[in-house]
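S.K.: There's a structure below that I have some questions on.
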Amino acid sequence: MKIGTDSVLLGSWTSLKRSPFSILDIGAGTGVLSLMMAQRSQAGIIDAIEIDDKAYEQCVDNFEQSNWSDRLFCYHASLDEFTEEIEDKYDLIICNPPFYSEDYKTQNNQRDIARFQEAMPFEHLIVNVSKLLSESGQFCVIIPHKEEHNFIELASKQGLFPNTILLVKGNPNSEIKRSLIEFSFTKTKIETNILIIETDRHQYTKAYIDLTKDFYIKM
């Protein structure tokens, strides 16, 4: 499975200043976010959840072959099942939800909305995160920028508030495509920054290189 820019951005950007002991990766896919957290932190527990059979198998295999296999564990379960069974709370929760891609729009607006919500209902994600996150914990997510307002509104209903936001543009002339948001149960002044990935095709900006260089063989 390919590793997308979204995962690399989220895994690189997520703050570890609070030195979390326990981390949860929701919808782990190949496990790249969990592996990045293991590389960047000293967290003793890094758990992942993946419901898809093939992705789960690949995630487990990647964990076992990594240098941090003793700290990584993947659960083959739905988010609801996991939330019901797990009593522990996590210091950090990360998620790159499998949202509906803008590239597959149809002429039927109603159908597009339905497909988007089917991919990963944001309300469902946020409700479960609010149950799994420790009182002083952080929740970091990457979503389409056009969904930012809606996502923040849903989170506020569960007592989660944005602390830091990174707005991502593909190039200086393109529209903002992604929002990376760090939430917590504490309401603070929001710190907002903008990141531009490229100045030209495959000509990466210094800011993007500085953020992600630890995770690329060639950059």
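The values are calculated or read from the model by the stated rules, or taken from the named source; none is laboratory data. The shown structure was predicted, so the numbers you read here are calculated from the model rather than taken from an experiment. Cβ coordinates were reconstructed from backbone atoms using ideal geometry, including for glycine residues, and neighbour counts include every protein chain displayed. Heads up: the accessible areas ignore ligands, DNA and RNA and are worked out on the full protein's heavy atoms, side chains in. Shrake-Rupley method; radii C 1.70, N 1.55, O 1.52, S 1.80 Å.
S.K.: Share of the chain's accessible area from carbon and sulfur, percent, 1.4 Å?
M.R.: Using a 1.4 Å probe with all protein chains present, the chain comes out at 47 percent carbon and sulfur.
S.K.: Could I ask something else about it? Near the amide H of Ile93, under 5 Å away, which other amide H atoms are found, from residues 5 or more places off or on another chain, if H is placed in the peptide plane?
M.R.: Placed amide hydrogens put Leu24, Gln138, Phe139, Cys140 under 5 Å from Ile93.
S.K.: Follow-up question, since we're still on this one. Mind listing the long-range amide H neighbours of Arg178? Cut-off is under 5 Å, sequence gap 5 or more, other chains count too, H placed in the peptide plane at 1.01 Å from N.
M.R.: Here His145, Val168 satisfy the definition.
S.K.: Identify which of Gln39, Gln65, Gln138 has the largest mean-square fluctuation in a Gaussian network model of the chain, with springs joining Cα atoms closer than 10 Å.
M.R.: Gln65
S.K.: Not counting the cut sites, what is the longest span of the chain without trypsin sites (Lys or Arg not before Pro) that DSSP labels loop and that have at most 15 other Cβ atoms within 10 Å? Walk me through the intermediate numbers first.
M.R.: Working: sites that count: Lys2, Lys17, Arg18, Lys89, Lys105, Lys157, Lys187, Lys189, Arg201, Lys218.
Between the exposed loop sites, the longest stretch runs 19-88.
S.K.: Apply the Karplus parameterisation 6.51 cos²θ - 1.76 cosθ + 1.60, with θ equal to phi minus 60°, to every residue of segment 48-59 and state each ³J(HN,Hα) to the nearest whole Hz, in sequence, with x for glycine and proline.
M.R.: So the Karplus estimates, Gly and Pro as x, are 10, 10, 8, 8, 6, 4, 5, 5, 4, 4, 5, 4 Hz.
S.K.: With each run of n ≥ 4 DSSP H residues scored as -39500 (n - 2.57), what mean residue ellipticity at 222 nm is computed for the chain after dividing by its residue count and rounding to the nearest 500 deg cm²/dmol? Provide the component values of the computation, followed by the final result.
M.R.: Numbers: 8 runs with 76 residues, N = 219.
Using -39500 (n - 2.57) per qualifying helix, the result is -10000 deg cm²/dmol.
S.K.: Please work out the Cα center distance from segment 7-57 to segment 115-180, rounded to the nearest Å.
M.R.: With segment 7-57 and segment 115-180 each reduced to a Cα centre, they are spaced 17 Å.
S.K.: Quote the relative contact order of the chain in percent (integer), defining contacts as alpha-carbon pairs under 8 Å separated by 6+ residues.
M.R.: 16
S.K.: Further, regarding this structure: Name the long-range amide H neighbours of Cys74: under 5 Å, sequence gap of 5 or more, or other chain; modelled H, no Pro or chain starts.
M.R.: The answer is Ala48.
S.K.: What stretch of the chain, leaving out the sites themselves, is the longest with no GluC sites (Glu not before Pro) in a DSSP loop having at most 13 other Cβ atoms within 10 Å?
M.R.: 88-174
S.K.: Calculate one ³J(HN,Hα) per residue across segment 13-19 by plugging θ = phi - 60° into the Karplus curve 6.51 cos²θ - 1.76 cosθ + 1.60, and present them in order as whole Hz with x for glycine and proline.
M.R.: Whole-Hz 3J(HN,Hα) from phi for segment 13-19: 7, 3, 6, 10, 4, 8, 6.
S.K.: By accessible area of protein heavy atoms, probe 1.4 Å, what ranking do His202, His76, His124, His149 get, highest first? Each step should come with its number before you reach the end.
M.R.: Working: His202 115, His76 90, His124 65, His149 135 Å².
Accessible-area ranking of His202, His76, His124, His149, largest first: His149, His202, His76, His124.
S.K.: At a threshold of 8 angstrom on Cα-Cα distance, excluding pairs fewer than six apart, so keeping six or more, what relative contact order does segment 14-99 reach in percent?
M.R.: Relative contact order, segment 14-99: 38 percent.
S.K.: Excluding ligands, DNA and RNA, what is the solvent-accessible area per residue of the chain at a probe of 1.4 Å, expressed in Å²?
M.R.: 56
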